[in-house]
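Nothing in this text is a laboratory measurement; each read-out follows from the coordinates by a stated rule. Keep in mind the model is a prediction, meaning the values are calculated, not measured. Backbone-built Cβ (ideal geometry, glycine too); neighbour counts: all protein chains shown.
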Amino acid sequence: MYNTVLSHAVAMEGQLVKAAPFSYHAPETLDESLALLAEFGDEAKVLAGGQSLVPVLALRLSRFEHLIDLNRIPALRYVTGTDGVTRVGAMTTQAAIGGSEEVRRRVPLLADATAYIGHFQIRNRGTIGGSLSHADPGAEYPAVAVALDADIVLASVRGTRTVGATEFFTGSFTTAAGPDEVLTEVRFAHRPPDGCAVVELARRHGDFAIAGVACAVELDSAERVQSLRLGLFGVAPVPVRAAGAEQVARGTPAGELDPVAVGHAALAGVSCVSDVHADAGYRERVAAHLAGQAVARAVREAREARHG
């Protein structure tokens, strides 16, 4: 284990900024990291890829007495499929997920979403556990987790517990994880959709989305919509499961599905947020349009898969 006091200087936007001093810990096992969190509690912060945390610390938007780096714990990097469930270790990088044939085969929506995350340098360091724990409302992975009813495994010295994705995200940049808990695994039910699509609007490719949609669709033997799952991101403080759109689409022949109507249904009851990038009304209109686009693409992919 490494334990030393570090103070990082980072050049950002032409200015030299510097994180407040903290004690750095690099445990080599999960048990070590959990013991540290149990000891330091609210005074500690977990570092995964660091793509979001390091700039926050450098700008002193947040400060902690202890930083616990999980990068020396190889046991948290894996993709496995057993008992009808695909399990992804929290420290699996976004690049590894995007390049995984197992993810592409078992959880294609997760693979599709990966291409929208930052740039390749970001994906080489960023992790699925870090993305979910950071809980940025404009991030892709949280919306995929919500759309696919993923289970999120949290560990502490008290044991492990599993939280559904919808319950895990409690607010903008906040989750149900306790101060002594580490996200260790994400579980997806092994039910690959017939078609899926991710559509988003961002100022530039790689930026967090102003609005976005993750969509997965399954058709029955008569090519009616058996299941439509929509996760909205960038529009509210948490990723939103568009249950209204799913109800509208269910049972409809794929060739008769009205993407515009489904898109409007997706935003019914959603309280969109306003910020410096867009007001709530604009976000609602854009998200409804994107939802329609995502549904149309996913259904088209599903029908093409049926007909070769």
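The residue list Leu36, Pro137, Val199 was ranked by how far each Cα lies along the charge dipole of the chain toward its positive end, using unit charges on Cβ atoms, and Val199 comes out on top.
As a size descriptor, the averaged projected area of the C-alpha convex hull of region 79-138 was calculated at 4.0 nm².
Close amide H pairs (under 5 Å, H built 1.01 Å from N) link Thr175 with Thr170, residues at least 5 positions away or on another chain. Would you please give the residues with an amide H less than 5 Å from that of Ala211, counting only those at least 5 places away or on a separate chain, with H modeled from the backbone geometry? Distant-sequence amide H within range of Ala211: Leu201.
What size of dipole, in debye to the nearest 20, comes out for the chain about its Cα centre when the only charges are +1 on Lys and Arg C-beta atoms and -1 on Asp and Glu C-beta atoms? Present the calculation step by step, with values, prior to reporting the outcome.
Numbers: 28 positive and 35 negative charges, 100 e Å.
The dipole of the chain has a size of about 480 debye.
Enclosing the Cα atoms of region 127-197 in their convex hull gives a volume equal to 86 cubic angstrom per residue.
Kirkwood-based Rg over Rh for the chain (C-alpha set), two decimals?
Values: Rg = 19.9 Å, Rh = 20.0 Å.
When Rh is taken as the Kirkwood radius, the ratio is 0.99.
Helical runs (DSSP H, four residues minimum) scored at -39500 (n - 2.57) apiece and divided by the length of the chain put the mean residue ellipticity at 222 nm at -9500 deg cm²/dmol. Taking a sphere under 15 Å around the Cβ of Pro108 and counting the other residues whose Cβ falls inside, with K and R at +1 and D and E at -1, yields a net charge of -1.
Geometric descriptor of region 74-189, per residue, is 99 Å³ (volume of the convex hull of the Cα atoms). Going from the residue with the fewest nearby Cβ atoms within 10 Å to the one with the most, Asp220, Asp149 rank Asp220, Asp149. Residues whose amide H falls under 5 Å from that of Gly49, counting only those 5 or more places apart or on a different chain, are Thr127, Gly130, with hydrogens built in the peptide plane.
Shape annotation for region 195-307: C-alpha extents along the principal axes are 46, 28, 19 Å, from largest to smallest.
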